[in-house]
Amino acid sequence: MSEIVPPEVRPKPVVPAKPSHVAPPSGAPFLPSPQGTGGEGRGSALLGYIGIDTIIEQMRKKTMKTGFDFNIMVVGQSGLGKSTLVNTLFKSQVSRRSASWSRDDKIPKTVEIKSVSHVIEEGGVKMKLTVVDTPGFGDQINNDNCWAPISKYINEQYEKFLKEEVNIARKKRIPDTRVHCCLYFISPTGHSLRQLDIEFMKNLSRVVNIIPVIAKSDTLTLEEKIEFKQKVRKELEVCGIECYPQKEFDEDTEDKSDNDKIRETMPFAVVGSDKEYQVNGKRVLGRKTAWGVVEVENPNHCEFSLLRDFMIRSHLQDLKEVTHNIQYETYRARRLNDNGGLHPINSSGHDTQESNL
Amino acid sequence: MRDLPRAGHTFPGSEMPMMDREPDGSTHTHTPGTATFTRPLSRSLEPELVRRGQLSSMGSLDSPMSPSRPKSPWGRFDPYDSAEDQDKEYVGFATLPNQVHRKSVKKGFAFTLMVAGESGLGKSTLVNSLFLTDLYKDRKMLNAEERISQTVEITKHTVSIEEKGVKLRLTIVDTPGFGDAVNNTECWRTVEDYIDQQFEQYFRDESGLNRKNIQDNRVHCCLYFISPFGHGLRPMDVEFMKTLHDKVNIVPVLAKADSLTPEEVRKIKMKICEEIERFDINIYQFPECDSDEDEEIKLQHQELKGSIPFAVIGSNVQVESQGRRFRARQYPWGVVEVENPEHSDFLKLRNMLVRTHMQDLKDVTRETHYENYRAQCIQNMTHMVVRERKRSLCNRGRDSASDLPVPLVPVDSDTERLIWEKDEELRRMQEVLERIQEQMRHGH
């Protein structure tokens, strides 16, 4: 499915990889059934088989041909394993640095924004993945407003898209550089969120989809993990911060129950690694310490696989949709209201300074 | 601890070796700034002064089997016990160390340890593990909302620990709020002020009239916790250590080291050591081994030096495994033992802090850091006084300008200034002399 959804219709997102245990809505004839196999969807009022549901197949073919974009931003203090996690998520060296330890680790004086793009292919589907890194975030002594460059970057991408959209001669497929998902790395102190975390998320949760993760979580024992997560969730609630998946965008009960389950386990406590070790005869990704091997994909050890399934296998399209339909639309509405017209404005003007929505 | 005569005075009879692993108040004639290293008792004394009368009368009491004190827990041996010594004639003051030991043990020891670092690095757990106490029992953790307006505080917990008859009054100075705000500029100012305050108070007490019971609240050692999640030292770490490295002994500690693989630990230690050198930070240096120490001790010493910063793990939770109970952290993939030298440097840190270098830390604080502070203080005071005098001189000069013709004024003020300066010097020297005399009177 192309990422440009005509604004008048918002069909239920068709995700070929939706987990199969989800029961299909009972026979609504005008919605394509989420079941992957074409053919068995039944409308109660139809007397024969028309073949409407083959639209899934058609959409899938189209997607495979055009491929799609996905932009992910990673934010967190240096050393929390951001690049390693992204590499592990996409099982390739996609982050800004290759995962070797001896890299140029000079902490930049201000927050920089560096983005790297790769094209990944799997099962015939091409994805152009862009990873946006933010070195220097939270590393200085004085971190006031260190989220301002990030906010500016996100708004600039919206602006770019807006400009393309209001053009008279639009491109068939507007290149989408908007940030679809922001992974925010929380330091595993075991106590609670840091002040910087709260400030960042307060300022940016309405501009971009934030998914908080607990970095380097092999430092926490099971009890500490549970306690820490509870504390974090409580604090987010108290501060009124809504992370993705936002409660207000749940469409129906099915969505709600899925997302509720996810929200119960957020933030995900992850461990990243790109090295493989032999454990019980299998080769697994993990970290080898003097007292054991932390297996990255073992759900008893950490929640990396949960995060991956959530982000990539079930909610990838939803992330894009929410970005396009909600975050972007909010930005667009505000921009158009501010100027009372559609004239393209110089992007370095006042509007990129707004960081609060 | 008694303050005994300073450098430049070889107080006769005061030169004696220090006991192994045993803090006492004995003196040494080294110049300030050099730390002495403890030597085992088997060294013999270099008798400089024979205080015959005093010692021979106490000689009989000083055998290790003295009735007032049972055999010392460290198995101190009577220097006169060996067979060949039985028939020689001795004065008997080789037991002086025993006497000092007994006296100091009766007095008890005090040690002040400061822990600094961001919150969540396991400082309180480590302190509890190190001293096997529960100093932070009723700690209430603030949530982030409350902490937004928090500033750096200094909290003190004092606990008296007794082990095998030796009392230790341990004070832990904590710095909650350090490094937690969004803007952490000068968050170490509070810490610096606290340390200076303690020095100042000691300075005043020392210059006062009644010096019998001076309480030593000076910070003897500061454990600085470095986060294992970064790539070495952060800008704030560097700033903190640079501000405080000449006021307190800094021992860098790599916190929560169980999140790192052995390879990563090695690399980050190397990186930190290199950065410490690059930024010219003077962390606490272990005193050098004497050249005639045991090979084993030298080896240990080398190892100790090579493990800075100490990669530690703390835990007060006991885990049972393979029939034995030990303190550990239990993960789904394994159990990290706190006291296993292959898992962490906790043992090394504890031995260094408590068993081998506690006295040295106190000595360096007293001789180097405190002396620097004191010299600075006195210098500032005299500068202020001289400036005052100059200012009043200038004022007087200006006043008299209206009376006297102009060329006379500078000449007068110059010579007068010289006279005043000489006066000042004389006064200073007199003060020093007085103090020395007083010490000699009250000393030993």
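Regarding A:Val271, is this residue in contact with a Leu (Cβ under 8 Å, 6 or more places away or on another chain), at pLDDT 85 or above and within 14 Å of another protein chain (Cβ to nearest Cβ)? The answer is no for A:Val271.
Taken together, the criteria exclude B:Gln300 from residues that are in a loop (DSSP other than H, G, I, E, B) and among the polar types (S, T, N, Q). The residue that is farthest from the other protein chains (Cβ to nearest Cβ), counting only those in segment A:186-210 that are in contact with a strand residue (DSSP E or B) (Cβ under 6 Å, 6 or more places away or on another chain) and over 16 Å from A:Gly240 (Cα atoms), is A:Ile186.
Kindly indicate whether A:Cys239 is of a type outside the set (Lys, Arg) and closer than 27 Å to A:Asn300 by Cα. Spelling it out, it is not the case that A:Cys239 is of a type outside the set (Lys, Arg) and closer than 27 Å to A:Asn300 by Cα. Would you say A:Leu193 is in contact with a Cys (Cβ under 9 Å, 6 or more places away or on another chain), closer than 30 Å to A:Ala333 by Cα and not polar (S, T, N, Q)? In short, no. If the condition is being of a type in the set (Asp, Glu) and under 12 Å from B:Leu130 (Cβ atoms), then segment B:315-344 contributes only B:Glu339. From the list A:Lys163, A:Lys171, the lone residue that is more than 23 Å from A:Thr84 (Cα to Cα) and part of a helix (DSSP H, G or I) is A:Lys163.
So which residues in segment B:200-222 are at pLDDT 85 or above and either at positive phi or assigned to a loop (DSSP other than H, G, I, E, B) (or both), if there are any at all? Matches in segment B:200-222: B:Arg218, B:Val219, B:His220.
Of everything listed in (1) under 25 Å from B:Asn128 (Cα atoms); (2) surrounded by fewer than 23 Cβ atoms within 10 Å (Cβ to Cβ), the single unmet condition for B:Ala311 is (2). Look through segment B:234-244, keep the residues that are under 13 Å from B:Glu118 (Cβ atoms) and in contact (Cβ under 8 Å) with a residue 12 or more places away in the chain, and return whichever of them is nearest to the other protein chains (Cβ to nearest Cβ). Applying the filter and picking the extreme gives B:Met236. Only a single item in (1) in contact with a Ser or Thr (Cβ under 8 Å, 6 or more places away or on another chain); (2) buried (at least 16 other Cβ atoms within 10 Å of the Cβ); (3) within 14 Å of another protein chain (Cβ to nearest Cβ) is not met by B:Pro262, and it is number (2).
For segment B:306-330, enumerate the residues that are assigned to a strand (DSSP E or B) and either away from chain A (no Cβ under 14 Å) or over 30 Å from A:Glu297 (Cβ atoms) (or both).
Correct list: B:Phe310, B:Gln318, B:Glu320, B:Arg324, B:Arg325, B:Phe326, B:Arg327.
Of all residue pairs spaced 6 or more apart or on separate chains, those with beta-carbon atoms under 6 Å, a first member in segment B:293-309 that is closer than 17 Å to B:Cys273 by Cα and a second member that is assigned to a loop (DSSP other than H, G, I, E, B) and charged (D, E, K, R) are B:Ser307/B:Asp345. The residue that is nearest to B:Gly314 (Cα to Cα), among those in segment B:126-144 that are within 14 Å of chain A (Cβ to nearest Cβ) and modelled with pLDDT under 85, is B:Tyr136. Do you know which residues across segment A:285-322 are of a type in the set (A, V, I, L, M), within 17 Å of A:Asp274 (Cα to Cα) and either facing chain B (nearest Cβ under 7 Å) or within 20 Å of the chain's Cα centre (by Cα) (or both)? Of everything in segment A:285-322, those that are of a type in the set (A, V, I, L, M), within 17 Å of A:Asp274 (Cα to Cα) and either facing chain B (nearest Cβ under 7 Å) or within 20 Å of the chain's Cα centre (by Cα) (or both) turn out to be A:Val293, A:Val294, A:Val296, A:Leu307. Annotation note: Cβ proximity below 6 Å between a residue of segment B:179-197 that is more than 18 Å from A:Trp147 (Cβ to Cβ) and within 14 Å of chain A (Cβ to nearest Cβ) and a residue that is surrounded by 22 or more Cβ atoms within 10 Å (Cβ to Cβ) and of a type in the set (Phe, Trp, Tyr) (sequence gap 6+ or interchain) occurs for B:Cys187/B:Phe178; B:Trp188/B:Phe240.
Listed by position, the helices (runs of 4 or more DSSP H) contained in segment B:357-444 that have at least 3 residues being among the aliphatic types (A, V, I, L, M), under 19 Å from B:Ser207 (Cα atoms) and modelled with pLDDT of 80 or more are B:370-401, B:408-442.
Taken as a whole, the condition of being touching a Leu at 6+ places or on another chain (Cβ under 9 Å), farther than 17 Å from A:Leu80 by Cβ and not in a loop (DSSP other than H, G, I, E, B) applies to A:Arg308. Of note, A:Lys171 does not satisfy the criterion of being touching a helix residue (DSSP H, G or I) at 6+ places or on another chain (Cβ under 6 Å), more than 23 Å from A:Val232 (Cα to Cα) and of a type outside the set (A, V, I, L, M, F, W, C). In summary, B:Phe225 fulfils each of the numbered conditions (1) more than 13 Å from chain A (Cβ to nearest Cβ); (2) among the aromatic types (Phe, Trp, Tyr); (3) not in a helix (DSSP H, G or I) with the single exception of condition (1). Scanning segment B:331-360 for residues that are within 14 Å of chain A (Cβ to nearest Cβ) and of a type in the set (Asp, Glu) gives B:Glu337, B:Glu339, B:Glu342, B:Asp345.
Taking the criterion of being buried (at least 19 other Cβ atoms within 10 Å of the Cβ) and in contact with an Asp or Glu (Cβ under 7 Å, 6 or more places away or on another chain), the residues of segment B:232-246 that qualify are B:Gly232, B:Leu233, B:Arg234, B:Leu244. Could you go through segment B:203-212 and let me know if any residue there is more than 14 Å from chain A (Cβ to nearest Cβ) and either surrounded by 15 or more Cβ atoms within 10 Å (Cβ to Cβ) or in contact with a Cys (Cβ under 6 Å, 6 or more places away or on another chain) (or both). Yes, segment B:203-212 contains at least one residue that is more than 14 Å from chain A (Cβ to nearest Cβ) and either surrounded by 15 or more Cβ atoms within 10 Å (Cβ to Cβ) or in contact with a Cys (Cβ under 6 Å, 6 or more places away or on another chain) (or both).
The values are calculated or read from the model by the stated rules, or taken from the named source; none is laboratory data. If you're wondering where the values come from, they're calculated on a predicted model, not measured in any experiment. Note that each Cβ is placed from the backbone with ideal geometry, even for glycine, and that neighbours are counted across all protein chains shown.
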